[in-house]
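None of the figures in this text is laboratory data; all of them are computed from the coordinates on show. All figures in this text were calculated on a predicted structure; none of them were measured in a lab. Cβ placement follows ideal geometry from the backbone for every residue including glycine, while neighbour counts extend to all protein chains displayed.
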Amino acid sequence: GPGEASMKKVCITGITGQDGSYLAEFLLSRGAEVHGIIRRASTFNTARIDHIYSNKNFKLHYGDVTDSLSVTSIIQEIKPDEIYNLACPASPIQYQHDPVQTTKLLAPHEVRFQKFWLSTISVGQAG
């Protein structure tokens with residue numbers, strides 16, 4: 001139908017969290033194809049996205065954001081137009097208890113993620 005050719009492909013890490021689930025709902029309501037990345041260990045915590053599983057434009061992928069190879073292969077497969085990196089390997093209780101350690105854990109991951117994204121853009125533009 002009309003608009004399908006321009007359907008935006010979006011990838012969201014941290015999709016089972018509050019922000020990720022609301023963003024997924026919003027983007028789906030705008031007609032986007034939404035791909036969520038979830039850790040296998042988080043499969044018990046999907047209540048916030050259970051109601052969008054049946055949406056034909058919603059797809060879930062298993063990967064761990066602390067494992068750059070895992071995320072890289074998913075992103076190369078999806079080829080998203082946009083990426084929202086909302087994942088946090090710590091729970092709210094953990095990062096409230098020790099915010100410095102949480103930052104130390106997240107900072108290297110964020111740098112790797114940005115380097116990967118920039119290399120993907122460069123490769124895409126060159127090809």
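The table that follows gives values for the structure above.
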quantity	calculated
Inter-site label distance for Asp81 and Asp19 at 7 Å from Cα along Cβ, in nm	2.3
Nearby aspartates and glutamates by direct alpha-carbon distance to Lys59 (threshold 13 angstrom, same-chain neighbours under 8 apart not counted)	Glu25, Glu33, Asp50, Glu77
Overall form of the range 3-75 per C-alpha gyration tensor (a/c, 1.5; a/b vs b/c)	oblate
Centre separation in Å (Cα based) which lies between the range 5-41 and the range 58-77	13
Estimated FRET transfer efficiency (Thr46, Ser73; beta-carbon r; R0 25 Å; 0.05)	0.70
